[in-house]
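Read through the structure below, which is laid out as structure tokens, and then see the notes.
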Amino acid sequence: MFINACFSCTGQREFYGDSRGQAVSIDFLHQYILGNYRRLYARTLAAGINHFNQTQIVFNLLASGREVVPADKADESDLINAALLALPPQRVYGLFERLRHQRVNNRRTRAVMRDYLTRRPDPAFDAVKYRNKVRSAAVHAHLGFEDERSRFLFGKGKQTPFETGLFESYRRAGFAKESIYALPFTVAQGFAARHRIPQETFLERIGEQMTAGEKLRLQRSAARHDVDSLSVDLKKAPLTKLALYLLSMTVEARSAEQARYRGALEAAAKRALPKGCAPLGRIAAVLDNSYSSSGSSEKRRRPLAVALGVGAILEQAAQAYRSFWTGHREADILVRPRGQTDLATPLVDALAWGAELVVIVSDGYENAPPGAVGKVVRAFRDRIDPQGNTAVIHVNPVFDAEAYAPQVLGESLPTVGLYNAEDLMTMLGFARFAAGFAPLEELESYLAARVSEFLNGPLEARGGGS
């Protein structure tokens with residue numbers, strides 16, 4: 001239940017639930033597992049869970065350091081340090097701010113903060129982009145810097161020129177417009193507003209300083225200003241972010257460049273597959289594009305984007321593949337949220353097609369009619385496939401606060417949570433635990449193996465999305 005929650009919940013509002021309920025439920029689960037299964041709690045950092053829950057775990061482990069068993073202390077610290085290095089820096093600095101506000105300042109916390117700042121690949125860049133947060137972390141951890149960061153972060157009044165190029169650009173940006181284009185995009189935005197630089201001029205010239213994610217978020221804005229320099233190679237975009245971007249466009253816009261967008265989605269799905277992944281055979285995806293897949297104001301179109309991304313991954317992983325949407329008959333790339341949730345009809349079609357594995361992607365709120373999927377699966381297993389040749393798994397991108405887990409579609413099939421489509425193959429590894437058949441010892445062994453991979457593998461293999 002906890003791992004499922006950590007894959008799907010971000011404490012944000014969902015279509016059927018508010019953010020307060022989400023936050024209370026996930027916090028309860030964290031505190032319960034921390035108090036009763038601390039070793040498993042720490043090892044969950046290696047399970048590929050999303051960034052929100054990784055930061056929650058790190059915070060709770062650091063805030064309760066006295067309770068750690070001495071034999072586990074070293075392993076726990078290694079997991080914390082590895083998780084922080086793999087997280088996006090804005091997440092980590094936000095965590096450090098939270099530690100400061102909550103007055104968590106034990107020796108291990110200070111050591112973790114010091115080690116993280118020491119191991120950053122470009123400390124000058126961090127000092128500029130996250131200036132206030134880096135300064136706050138340094139004060140909280142009682143750190144000093146032997147380079148120009150000390151003067152940049154703590155210098156008062158008018159500062160003399162810096163030898164570090166980025167620091168000098170920041171100093172000059174206050175009075176020289178040209179200097180802002182050497183700064184990180186988010187920092188340059190503030191200076192551009194101060195100098196009253198027109199938006200279209202600023203976007204044209206700052207393009208080289210923008211990350212792929214920043215370009216993806218601003219591409220539609222750039223199009224309104226007729227700015228071509230923000231064009232981004234969509235084939236390099238992460239799968240779920242790409243799906244979210246495509247779904248933010250009108251159906252007409254997607255249809256006009258359907259081949260291009262389809263190619264980008266396929267490329268992102270191929271990158272998301274683990275290296276050496278063997279073909280999975282004959283796979284069908286039952287994908288929910290009912291109105292509730294439009295998500296919430298905080299997670300706009302997220303459930304539909306996960307469904308689109310999961311379908312793209314399964315297509316690349318399968319020897320034979322077909323998708324069955326709840327209310328959509330056109331190309332996957334043109335899907336949009338609409339109508340009620342009739343999962344039983346596409347599920348029957350998928351089973352009739354002869355799939356060896358059926359993956360249902362839905363928020364689990366089945367209403368046309370309610371409970372039909374569970375009955376279909378149970379009847380199929382009892383009368384048509386008693387040998388169990390066909391597996392049916394429910395993947396849910398939405399956390400149900402009242403149930404402390406993703407909403408299920410019946411007791412006859414396992415449900416696993418999923419926030420990012422990229423984590424599908426990882427999450428399928430937990431399906432046997434979600435079904436409730438595997439003993440705790442098997443879960444402990446599985447997590448122990450994940451810990452070894454997590455600590456020794458590359459950074460990009462260490463965790464789910466934000």
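The values are calculated or read from the model by the stated rules, or taken from the named source; none is laboratory data. Bear in mind the structure is a predicted one, so any value in this text is a computation, not a measurement. Cβ sites come from the backbone with ideal geometry, for glycine too, and all protein chains shown count toward neighbours.
Computed quantities for the displayed model
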read-out	value
Residues located in segment 105-131, provided they are β-branched (Val, Ile, Thr) and either in contact with a Pro (Cβ under 9 Å, 6 or more places away or on another chain) or surrounded by fewer than 18 Cβ atoms within 10 Å (Cβ to Cβ) (or both)	THR118, VAL128
Criterion (within 22 Å of VAL408 (Cβ to Cβ) and in a helix (DSSP H, G or I)) met by exactly one of LEU29, LEU84, LEU45	LEU29
Conditions (1) among the charged types (D, E, K, R); (2) assigned to a helix (DSSP H, G or I); (3) closer than 30 Å to THR211 by Cα: number failed by GLU146	(2)
Residue in segment 280-303 that is surrounded by fewer than 19 Cβ atoms within 10 Å (Cβ to Cβ), modelled with pLDDT under 90 and out of contact with any helix residue (DSSP H, G or I) (no Cβ under 8 Å at 6 or more places or on another chain) present	yes
Test: PHE7 is among the hydrophobic types (A, V, I, L, M, F, W, C), surrounded by 22 or more Cβ atoms within 10 Å (Cβ to Cβ) and at pLDDT below 90	yes
Scope segment 69-103; condition among the β-branched types (Val, Ile, Thr) and crowded, with 19+ Cβ neighbours inside 10 Å; matching residues	ILE80, VAL92
Count - residues of segment 20-36 that are among the small types (Gly, Ala, Ser) and without any contact (Cβ under 8 Å) to a residue 40 or more places away in the chain	2
Near pairs, Cβ below 6 angstrom, 6+ apart or cross-chain, from segment 234-248 (touching a residue at least 12 places away in the same chain (Cβ under 8 Å)) to any residue that is crowded, with 21+ Cβ neighbours inside 10 Å and of a type in the set (S, T, N, Q)	THR240/ASN420
